[in-house]
Amino acid sequence: MKGGFFVRLINKVLPIGSFILFLGFWYLILLIKNYPSFILPTPHEVAIRFLKSITSGILPFHIFITLQEIFLGVLVGFSLAFGLGYILAKFKFLKLAISPLIIGFQAVPIIAMAPLLVIWLGPGIEAKVFVCAATLFFPVLINSMVGFSNIETNYYDLLNSLEANFWQKLKFLEIPASMPIFFAGLKIGVTLSVIGAVVGEFVSSDKGLGFLISLAGGLYDTPLRFVAFFTLSLIALLLYLGVSWGEKKLLKWK
Amino acid sequence: MKKIIEIKNLSYSYTDLKVLQNLNFSVEANEFLAIIGPLGSGKTTLLKIIAGLKKADKGNILFQGKNLLKPTRKIGFIFQKNNLLPWLTVWENIILPLKIQQLSIKEIEKRGEEIIELVDLKKFKHMYPHELSGGMEQLAALTRAFITDAELLLLDEPFASLDVINREKMNLELLKLWKQRKKTILFVTHSIEEAVFLADKIILLASNKIKKELTINFPRPRNINISKSKKFLNKKCQIKNLWQN
């Protein structure tokens, strides 16, 4: 019991410890290099800017815009990637036909495509959602394709011998068997989607955390840039933890 | 007795490798038939063909007098690996065939409770397969097969991975279920002792053919003590000699 308590304590203390170490390292660089605030602000300057932008309502507004794009991007990108992953795993000829196209598209940097997407889809939320969805699409697609292909044939034999129909196989076998991959993909997806949303906002936007970064850059308000960086990291972390929590709750059988 | 299944001139090969050649045999209703043979003699392949999971190159399978062309619920299969779905609890795994059959919840509950009581799995009902011992997992898989309306059950070395004690226990559980549920069983094993203990009839497969059909006429119900009798040991020796020659 004692060992268990200490292990739990260490598990809790370790991430906090590494954060304190990171702050210490930051202060150390400032001590050695003596950078002005517009090049590298101190952690407490960033903290003060963070509180100010919260109380003024600027940060919550931009967070809300970016979160909106992230959720829509994850929804669209993940559904398409997961669905296509299933179809490609089921139909080998389609996989053969589409695989080169997928690999080819994967090599195109989305940041280079983003300005064109804004022209094609307009300056509204659509382009940002598309960039966000495209960022997570390929890793999730590959992940789900491999996962669906690896369902043991023994289980199919069992369901075939019970005369299960297509929907029953999906319900009793394929969906539950794919849940671990679903969550693994979702974990990758939600973190990548944060990057995707910001890339979209960088190119053309007048709101969102990506826009806030650009704005702060133009005003030489580096503490505000750092506020946006940390907020993005926090969003990614919270989304990741949320998915992990859901995974733990839903996959009790693992 | 009425024949439930007839195998006629059945052959199967993997590209150039002949696995089964011209097999002919039949199984009567409520009979317990064991198929034994060395590794690679085509026992599992034969079961998969009978289950409709593989197609024979040649020959016919008549199930209740009709040509068998695809898997049917009337033929149940218990695999070497228990195939319990890891995301379902013991209870959910056991009632799975009834859910697939789309029976009413009331009927599912009734049949499920009845059989789980019979095999004494009630206290493991809400556990997941990974929380069970190997023996319990196999018992759950066995129960799942017996809950169905299948008239013929194909068992592919279901207890091969168990230790001797658990294997004996499972054999007794199997006989209990078989007696209570009145099914026909086709049991594949490489254990001569297991086959003699369980079966009414044994088919010895060797070199892709049926080498011998033997009748086992020990009285039923059988208990573990019969395996110590002289008659039992003689039968075992007879089959062993046939196998080795």
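Brief remarks on what is shown
- For the range B:20-39, residues that are surrounded by fewer than 19 Cβ atoms within 10 Å (Cβ to Cβ) and of a type outside the set (D, E, K, R) total 9.
- Residues in the range B:73-90 that are under 20 Å from B:Leu186 (Cα atoms) and surrounded by fewer than 20 Cβ atoms within 10 Å (Cβ to Cβ): B:Arg73, B:Lys74, B:Gln80, B:Lys81.
- Where a residue in the range A:210-224 is in contact (Cβ under 8 Å) with a residue 60 or more places away in the chain and its partner, wherever it lies, is acidic (Asp, Glu) and part of a helix (DSSP H, G or I), with Cβ under 7 Å and at least six apart: A:Gly210/A:Glu201; A:Phe211/A:Glu201; A:Pro223/A:Glu45
- Yes/no for A:Asn160 being in a helix (DSSP H, G or I), touching a Pro at 6+ places or on another chain (Cβ under 7 Å) and among the polar types (S, T, N, Q): yes
- Tally, over the range A:146-164, of residues that are facing chain B (nearest Cβ under 8 Å) and without any contact (Cβ under 8 Å) to a residue 12 or more places away in the chain: 8
- Scanning the range B:236-245 for residues that are more than 15 Å from B:Thr189 (Cβ to Cβ) and surrounded by 15 or more Cβ atoms within 10 Å (Cβ to Cβ) yields a single hit, B:Leu242.
- Taking helices (runs of 4 or more DSSP H) as the structural unit, those lying wholly within the range A:171-254 and holding at least 2 residues that are within 14 Å of chain B (Cβ to nearest Cβ) and out of contact with any Ser or Thr (no Cβ under 8 Å at 6 or more places or on another chain) correspond to A:175-203, A:222-250.
- Residues satisfying the stated conditions in the range B:12-52, i.e. in contact (Cβ under 8 Å) with a residue 12 or more places away in the chain and of a type in the set (Phe, Trp, Tyr): B:Tyr12, B:Phe25, B:Phe32
- Every residue from the range B:73-109 that is in contact with a strand residue (DSSP E or B) (Cβ under 8 Å, 6 or more places away or on another chain), part of a loop (DSSP other than H, G, I, E, B) and facing another protein chain (nearest Cβ under 7 Å): B:Phe79
- Any chance B:Ala29 is over 26 Å from A:Tyr155 (Cα atoms) and under 16 Å from the mean Cα position of the chain (by Cα): yes
- Residues that are more than 24 Å from B:Asn245 (Cα to Cα), buried (at least 20 other Cβ atoms within 10 Å of the Cβ) and not basic (Lys, Arg) within the range B:179-212 comprise B:Thr184, B:Ile185, B:Leu186, listed in sequence order.
- Residue in the range A:199-213 that is nearest to A:Gly124 (Cα to Cα), counting only those that are at pLDDT below 90 and crowded, with 24+ Cβ neighbours inside 10 Å: A:Ser205
- Inside the range A:116-133, residues that are in a helix (DSSP H, G or I) and surrounded by fewer than 13 Cβ atoms within 10 Å (Cβ to Cβ) make up a count of 3.
- One residue stands out in the range B:110-132 among those that are over 21 Å from the mean Cα position of the chain (by Cα) and assigned to a loop (DSSP other than H, G, I, E, B): the one that is nearest to the other protein chains (Cβ to nearest Cβ), namely B:Tyr128.
- Under the condition of being over 23 Å from the mean Cα position of the chain (by Cα) and among the hydrophobic types (A, V, I, L, M, F, W, C), the residues counted in the range B:89-109 number 3.
The values are calculated or read from the model by the stated rules, or taken from the named source; none is laboratory data. Nothing here was measured: the structure is a model prediction, and the numbers come from that model. Glycine also receives a Cβ, built like all others from the backbone with ideal geometry; neighbour counts cover every protein chain displayed.
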